[in-house]
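Undergrad: The structure under discussion is supplied below as structure tokens; questions concerning it will follow.
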Amino acid sequence: MNGDWLLRGRDGRLTVYLPSDDALRCRAELAPGGAWEPPRRIGGDQKLCPGPAVGQGADGYAHLVAWRPTANGQAGLVHSTHFRPRLAPLDWIPVGHPDKKGERTGTPAVAVDDRGRAHVLVRDKAGGVSMLAQKEKGGWEPWARLGGEDVHEELAAATGESGRVELYAAGPGGILHWRQEESGKQPVRAEGIDVPVRPGTLRALATSAGHTTLFFTDERDEVCAWRPGGAPVPVITAAGPGPVSAVRCDIDGHDCTVLAQRSASGRVAFAAYPTEQESAGAWWTESGPQLPADARVSVALDEHDEIVAASLVPSTGTLLLTRRKDEPGLALRAWREV
């Protein structure tokens, strides 16, 4: 899943999105902090290609995007909206292809601007990035080419506190960056940076009124933080090979950023530091049982704005959950299967 697949809905309930070989399923809490409903398949019997994406707007709505196989080995993108955790997501609606038609071109990313419009961003056949944006009153704008060259498969999109969409992509020359200069406008190419990036490790997070922070792993296995206008800052040695999941929260009265990652040992590793103060340092603390290599990790805030973390094993569908204890620091409860 490209994006944070553990989300808090507008009613306080948590939802998880569970990709399988040819489908996307969702599960939601029956009540905030309570039991969970069984998994349900999104969009009926429609089959999907691997690598769906999710993004969430300030209204709490989740926007889901995936590739769907079409005729002659080709594929097209489809979109669904999930308004509330206990409601069924809308059926998949075809939204086209960045090159009009063809094969799957890359893993999509989704971000939602301050007007509630989903922006679908994906690598195109030329190796750059193309975008499809919703109209405010329904329907979609035409596909727009944002540019770029030889970008990696996975993109990272985020919505800043300003409500403007930002997009990051990695390629042979480093990190590319696009941002909305004005509300409702198309994102434009902005300052990038020449730095080596391990593919598949980008994750973006809004960290202040003026900045999003991009987390990535460099060639030295350091998780780095970069905010446009500055230089990348090493935060911590990567605990494992995949991307981090990141969330901002209050810990003992301090605005902190919490990172989570499946570690090389198979357990989930957590680290926290004062938001945008990477120089303060961070260290990993491992938690929970050992997980298979395909396990994924996501962190979010629950109905009390406290940390909640989930791990998912796609091969078995096993979903584990933990929450912060009611005590100082980042102490977590025992993981439980839901």
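Undergrad: Need one number: nm distance between label points at residue 86 and residue 149, each 7 Å from Cα along Cα→Cβ, rounded to one decimal.
TA: 5.4
Undergrad: Here's a follow-up. At a Förster radius of 30 Å, what calculated FRET efficiency corresponds to the Cβ-Cβ distance of residue 326 and residue 141, to the nearest 0.05?
TA: Numbers: r = 47 Å, r/R0 = 1.56.
FRET efficiency, residue 326 to residue 141: 0.05.
Undergrad: Considering every pair of different Cα atoms, what Kirkwood radius, in Å, is found for segment 235-322? Kindly include the intermediate steps, with their values, before the conclusion.
TA: Values: mean 1/r = 0.0749 Å⁻¹.
Evaluated over segment 235-322, this radius sits at 13.4 Å.
Undergrad: To continue, here is another question. Between beta-carbons, use under 10 Å as the cut-off and find the net charge around residue 313, counting Lys and Arg +1, Asp and Glu -1.
TA: On the way: positive: 296; negative: 294.
Result for the neighbourhood of residue 313: 0.
Undergrad: Using label points projected 7 Å from each Cα along Cα→Cβ, tell me how many nm separate residue 45 and residue 294, to one decimal.
TA: It is 2.5 nm.
Undergrad: May I ask for the net charge around residue 222, where only other residues with Cβ less than 13 Å from the Cβ of residue 222 are counted and Lys, Arg are +1 while Asp, Glu are -1?
TA: On the way: positive: 198, 220; negative: 218, 219, 221, 278.
Residues near residue 222 contribute -2 overall.
Undergrad: Okay, moving on. Over 19 Å apart: what share of the alpha carbon pairs of segment 151-216 falls there, rounded to a whole percent?
TA: Details: 568 of 2145 pairs.
Cα-Cα pairs of segment 151-216 separated by over 19 Å account for 26 percent.
Undergrad: Roughly how many debye, to the nearest 20, is the charge dipole of segment 184-338 about its Cα centre, given +1 on each Lys and Arg Cβ, -1 on each Asp and Glu Cβ, and no other charges? Write down the numbers at each step before the final one.
TA: Details: 15 positive and 20 negative charges, 86 e Å.
It works out to roughly 420 debye.
Undergrad: Then there's this: Residue-wise, which Karplus ³J(HN,Hα) couplings in Hz belong to segment 49-61, taking 6.51 cos²θ - 1.76 cosθ + 1.60, θ = phi - 60°, and x for glycine or proline?
TA: 7, x, x, x, 9, 9, x, 10, x, 4, 7, x, 6
Undergrad: A further question on this structure: Out of residues 5 or more away from residue 286 or on other chains, whose amide H comes under 5 Å of its own, with H placed 1.01 Å from N in the peptide plane?
TA: Counting only residues 5 or more places away or on other chains, the set is 270.
Undergrad: With a cap of 10 neighbouring Cβ atoms within 10 Å, and only residues DSSP puts in a loop, list the GluC sites (Glu not before Pro) found in segment 208-286.
TA: On the way: sites: 219, 222, 276, 278, 286; in loops: 219, 276.
Hits after loop and neighbour filter: 219.
Undergrad: Let me ask something else. Note down the net charge around residue 136, summing +1 for each Lys or Arg and -1 for each Asp or Glu among other residues with Cβ under 14 Å from its Cβ. It would help to have the intermediate numbers written out before the result.
TA: Numbers: positive: 115, 117, 135, 137, 185; negative: 59, 113, 114, 141.
Overall, the nearby charge balance is +1.
Undergrad: Measure off 7 Å from each Cα along the Cα-to-Cβ vector at residue 220 and residue 126, then give the distance between these two points in nanometres to one decimal.
TA: Roughly 3.7 nm, to one decimal.
Undergrad: Sticking with this structure for a sec: Find, among the chymotrypsin sites (Phe, Trp or Tyr not before Pro) in segment 270-338, those assigned to loop by DSSP (not H, G, I, E, B) with at most 16 other beta-carbon atoms within 10 angstrom. Intermediate results must be reported in sequence, preceding the final value.
TA: Values: sites: 270, 283, 284, 335; in loops: 283, 284, 335.
Answer by residue number: 283.
Undergrad: Determine one quarter of the surface area of the Cα convex hull of segment 82-166, which equals its mean projected area, and express it in nm² to one decimal.
TA: On the way: hull surface 25.7 nm².
For the Cα atoms of segment 82-166, the hull's average projected area reads 6.4 nm².
Undergrad: What size of dipole, in debye to the nearest 20, comes out for the chain about its Cα centre when the only charges are +1 on Lys and Arg C-beta atoms and -1 on Asp and Glu C-beta atoms? The partial results should precede the final answer.
TA: Details: 38 positive and 44 negative charges, 212 e Å.
Roughly 1020 debye, rounded to the nearest 20.
Undergrad: In a Debye calculation with equal point scatterers on the alpha-carbon sites of the chain and no solvent, what is log10 I(q)/I(0) at q = 0.09, 0.11, 0.14 Å⁻¹?
TA: The Cα Debye sum returns log10 ratios of -0.43, -0.67, -1.15.
Undergrad: Applying the Karplus parametrisation 6.51 cos²θ - 1.76 cosθ + 1.60 with θ = phi - 60° to the phi angles of segment 155-171, what ³J(HN,Hα) value in whole Hz is obtained for each residue in order, glycine and proline being reported as x?
TA: Karplus-based 3J(HN,Hα) across segment 155-171 equals 10, 10, 10, 8, 10, x, 4, 6, x, 9, 7, 10, 9, 10, 9, 10, x Hz.
Undergrad: OK, next. Within segment 78-150, list the trypsin sites (Lys or Arg not before Pro) lying in a DSSP loop whose Cβ has at most 16 other Cβ atoms in a 10 Å radius.
TA: Passing both the DSSP loop test and the Cβ count: 86, 100, 101, 115, 125, 135, 137.
Undergrad: While we're here: Residue 135: which aspartates and glutamates have alpha carbons under 19 Å from its alpha carbon, excluding same-chain residues fewer than 8 sequence positions away?
TA: Cross-link targets: 59, 91, 113, 114, 166, 181, 182.
Undergrad: If you don't mind, another one. Which of 251, 317, 261 sits farthest toward the positive end of the charge dipole of segment 243-327, with +1 on the Cβ of Lys and Arg and -1 on the Cβ of Asp and Glu?
TA: Positive-most Cα among the choices belongs to 317.
Undergrad: Given a 10 angstrom Cα cut-off, can you work out which residue in 58, 209, 282 is the most mobile in a GNM of the chain?
TA: Comparing 58, 209, 282 in the GNM, the peak value goes to 209.
Undergrad: If you wrap a convex hull around the Cα atoms of segment 192-338, how much volume per residue is inside, in Å³? It would help to have the intermediate numbers written out before the result.
TA: On the way: hull volume 16.7 nm³, N = 147.
Considering the Cα atoms of segment 192-338, their hull volume per residue is 113 Å³.
None of the figures in this text is laboratory data; all of them are computed from the coordinates on show. Everything quoted here is computed from the prediction, not taken from an experiment. Neighbour counts are summed over all protein chains in view; Cβ atoms, including those assigned to glycine, are modelled from backbone coordinates with ideal geometry.
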